[in-house]
Amino acid sequence: RLFDLDPDLLPLFQYNCKQFASPQECLSAPEFLDHVRKVMLVIDAAVSHLENLSCLEEYLCNLGKKHQAVGVKVESFSTVGESLLYMLEKCLGTAFSPDVREAWSKLYGAVVKAMRRGWETLPEGD
């Protein structure tokens, strides 16, 4: 869904300087699948710390810095969020109620808000 929504994101996913010729090639790459697992671990950590998301603040800010360093634009996280909601809707079916959608949107929004701080902070020494 991600590359359907924004094909321009494909070049961001390069591993060992290899660019993918198509979204399908990227989607089947072990490195991309590992990246997806890492994204889901971040989502899992956010769910696990729902009552105290601030404990993840520094980690998420640093994760934002890493994404900025490889050329990811903050706006791209909206597309990732849309893709996450799409996947949840497909997996949960009728259980994906408007309230569930809103809860996931809020959680994802909190994660992105913390990651955005990585774009806003200057490297040490500047």
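So, restricting to helices (runs of 4 or more DSSP H) that lie completely within the stretch 13-126, which ones have at least 2 residues that are touching a Lys or Arg at 6+ places or on another chain (Cβ under 8 Å) and open to solvent by less than 40 Å² (accessible area, probe 1.4 Å)?
Answer list for the stretch 13-126: 57-69, 76-92.
Test Gly109 against the stated conditions and say whether it is within 28 Å of Pro11 (Cβ to Cβ) and out of contact with any helix residue (DSSP H, G or I) (no Cβ under 7 Å at 6 or more places or on another chain).
Yes; evaluated as a whole, the condition is true for this residue.
Considering Lys66, Lys38, which residue is within 11 Å of the chain's Cα centre (by Cα), of a type in the set (D, E, K, R), at pLDDT 90 or above and over 14 Å from Leu107 (Cα atoms)?
Only one candidate qualifies: Lys38.
Could you tell me how many of the residues in the stretch 1-12 are surrounded by 12 or more Cβ atoms within 10 Å (Cβ to Cβ) and free of Cβ contacts under 8 Å to residues at least 40 places away in the same chain?
Within the stretch 1-12, residues that are surrounded by 12 or more Cβ atoms within 10 Å (Cβ to Cβ) and free of Cβ contacts under 8 Å to residues at least 40 places away in the same chain number 2.
The values are calculated or read from the model by the stated rules, or taken from the named source; none is laboratory data. Treat the numbers as computed from the prediction; the structure is a model and nothing was measured. Virtual Cβ from ideal backbone geometry, glycine too; neighbours counted across all protein chains shown. Just the protein is used for accessible areas: all its heavy atoms, side chains included, with ligands, DNA and RNA removed. Shrake-Rupley method; radii C 1.70, N 1.55, O 1.52, S 1.80 Å.
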